[in-house]
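Enquirer: Next up is a structure, given as structure tokens.
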Amino acid sequence: MVPYISLSLFVLFCWFLYCRGILNSKGYLVAVFIPSALLLALRSSNVGEDTAMYLQMANASAFLPWKSLSPFGSAIMWNANALGFGSSVDPGFLLLLKILMCLFGSAEMAIGFCAILTCLLFAVFLYHNSDNIPQAFWGFMCGGLYMFAFNGVRQMLALSIACNFYQSAKKEQWLRSILLIVLGSCFHRSAIALFGIFAALYLLKFKRFYPIAMISAALMPLLVNIAFPLVRLISPQFASYYAVNYWSAQTGGILLIWLLVLFCSLLLLFKRNDEVSHRFFSFCDAAYLGLSVASLRISIIERVALYAMPFVCLSLEKVLALFPEKSRWIIALFVNGLLFALFVSYAMSPTRCYSPCF
């Protein structure tokens, strides 16, 4: 756990330098993302539940024919056994791995490159969209996104690409926004969930859609079940996740974070503000909560809730800005203390027991 605590202390030190004006936004992001990316990239195969599998996948990609790796094709089985059974993965990710294996010839370097690219793209997202970059990064690091990157290599890469649609959408560059989400879905098809957030961002420009959006988010646990026939039509593989729970979903310490997100959503909801961003972030908070509750019954939905989390990180800074400056630091200290406690709980997991790959 020492590497994670050391990282968090370094991030706090950089936050102090930022507040003192010694580091600007770019300098802060460079300072905190370099060690974060290196810690993620240099982990050994036993750090993270699926890291060993991704290393095997990288080695297998080197032997796949180029013509089978169209980024827009169907999922490809990369580890078929003698009976023809195995695991399939989106071709965009296999294509990236094959390119990296050709360049580096090492599975560790290929997965390490994916880690650095993921962190870089999240840094771009925060730089363009955050008004309080240290606060947003603390939410990213402690709230679960960073720690999930030790396991969900493919999905985090997809999310880091696709979430950058937000900057383009704010400028009404709709085609660019759509292309970024489509590109992300080439690495993990679940990234198409961001089309829902994309649609919400557009519709919430009109205040009349706000009540509908919030009611839909509140009813998300019910809507997930209603959507089953549509999911089955789009992807039988995704539909099969309704029948099988791949892990036991429990609340535990995350319940405190859910309450925090609920508080943020309600505060943005009842704070009468005509800003589109307030309506949008309030919806993202509510959607994250609704999907998280639904995941208690269907565990895989937790992976869908992940796509709202970058915007939950941004909503936190919006909420803190609503408080008077005299009391804001007390509330920020409490909130960030909760996030740090969650970060420590992730770091204490046996699957996060750190060892380097060298």
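Enquirer: Rounded, prolate or oblate, given the Cα gyration tensor of the range 1-191, with a/c below 1.5 counting as rounded?
Expert: The shape class here is oblate.
Enquirer: How do Leu262, Leu96 rank when sorted from fewest to most other Cβ atoms within 10 Å of their own Cβ?
Expert: Starting with the residue having the fewest Cβ neighbours, the order is Leu262, Leu96.
Enquirer: Please arrange Asp50, Asp285, Asp131 by how many other C-beta atoms lie within 10 Å of their C-beta, fewest to most.
Expert: Going from sparsest to densest Cβ surroundings: Asp131, Asp50, Asp285.
Enquirer: Where does each of 333-345, 162-174 land if you order them by average Cβ count within 10 Å, highest first?
Expert: 162-174, 333-345
Enquirer: List Trp258, Trp329, Trp15 from most exposed to least, where exposure is judged by having the fewest other Cβ atoms within 10 Å.
Expert: Trp329, Trp258, Trp15
Enquirer: Would you please classify the overall shape of the chain from the alpha carbon gyration tensor, given that a ≥ b ≥ c denote the square roots of the eigenvalues, rounded means a/c under 1.5, and beyond that prolate means a/b larger than b/c while oblate covers the rest?
Expert: Because a/c hits 1.5 or more and a/b fails to exceed b/c, the chain counts as oblate.
Enquirer: Still on this structure: Enumerate the lysines that Lys171 could reach by cross-link, defined here as Cα to Cα under 26 Å, with residues fewer than 8 away along the same chain left out.
Expert: Lys26, Lys205, Lys207, Lys271, Lys318
Enquirer: Please give the peptides 176-189, 209-222 ranked by average Cβ packing (other Cβ atoms within 10 Å per residue), highest first, as a rough proxy for protection.
Expert: Descending packing order for the listed peptides: 176-189, 209-222.
Enquirer: Among the complete DSSP H segments of the chain, which ones combine at least 18 Å of alpha-carbon extent along their axis with a mean Kyte-Doolittle hydropathy of 0.5 or more?
Expert: 2-19, 25-41, 91-104, 107-129, 254-270, 276-294, 325-347
Enquirer: By a straight-distance test (C-alpha under 19 Å), which aspartates and glutamates pair with Lys98 as possible cross-link partners, with residues fewer than eight away in the same chain excluded?
Expert: Within the straight-line cut-off, Lys98 pairs with Asp50, Asp90, Glu108.
Enquirer: Once the convex hull of the alpha carbons of the range 52-159 is built, what does its volume come to per residue, in cubic angstrom?
Expert: 115 Å³
Laboratory data are not the source of any read-out in this text; all were calculated from the coordinates shown. This is a predicted model, so every value here is computed, not measured. Quick reminder, even Gly has a Cβ in these numbers, built from the backbone with ideal geometry, and neighbours come from all protein chains shown.
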